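First comes the structure, then the notes that go with it.
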Amino acid sequence: MAGGFKVLEEFLGDSLDLPVKCRDGQVRTFHIAGPSAEDGLRVEKLMETGIKLAADPDATPDAAALDDLAELNLYRAALGTAYDEVLANVDWPRFRHVALTAVLWISQGLEAAEQYWDAGGDPSPQGPANREQRRASSRAAKSTPTPASRSGTSTPPATSRARKATRA
């Protein structure tokens, strides 16, 4: 293996499997394949434009990105071949949650998508949306002194449910 790089497919997750309780009461796992490169770039550009507009409502929107929005059904691009199956089996809130999870996966990665999914669509647990906000948050955290424990105890680190299940 020249250069020491692993084959990309050995570690890059290129799909999502999302379990959803459908209208008929059955839980189905919808397989969402990664989008084409072109659709992925459009979704990312649209998300970037939306974040900028949310941060500065007076900003002039990127006309090219908004033109792409008119051409591109965002949810269809994000869900790909799973779009029709999800649409046929779930109600609007679940459809929107699945689709937005896929959008976040495409534009911000698996961790952001999992946080959104686990938070039930509440964006507040996700933290700052852009690099500038993350840096400001980081600077604030570094400048705020943390009080030391006076009892001599420490809090154990949080463990994910998956890790807890493997230990049990």
Between Cys22 and Asp122, how many nm apart are label points set 7 Å from Cα along the C-beta direction? 3.0 nm
May I ask you to list the residues of the range 23-48 whose amide nitrogen lies under 19 Å from a point 7 Å from Cα along the Cα→beta-carbon direction of Asp14? 31-44
Not counting ligands, DNA or RNA, and with a 1.4 Å probe, what is Lys45's accessible surface area in Å² rounded to the nearest 10? 70 Å²
Plugging the Cβ-Cβ distance of Glu38 and Leu110 into 1/(1 + (r/R0)^6) at R0 = 25 Å yields, to the nearest 0.05, a FRET efficiency of 0.75
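The values are calculated or read from the model by the stated rules, or taken from the named source; none is laboratory data. All values derive from a computational prediction rather than experimental measurement. Every residue, glycine as well, gets a Cβ built from its backbone with ideal geometry; the counts of neighbours run over all protein chains shown. We work out accessible area using only protein heavy atoms, side chains counted, and drop any ligands, DNA or RNA first. Shrake-Rupley method; radii C 1.70, N 1.55, O 1.52, S 1.80 Å.
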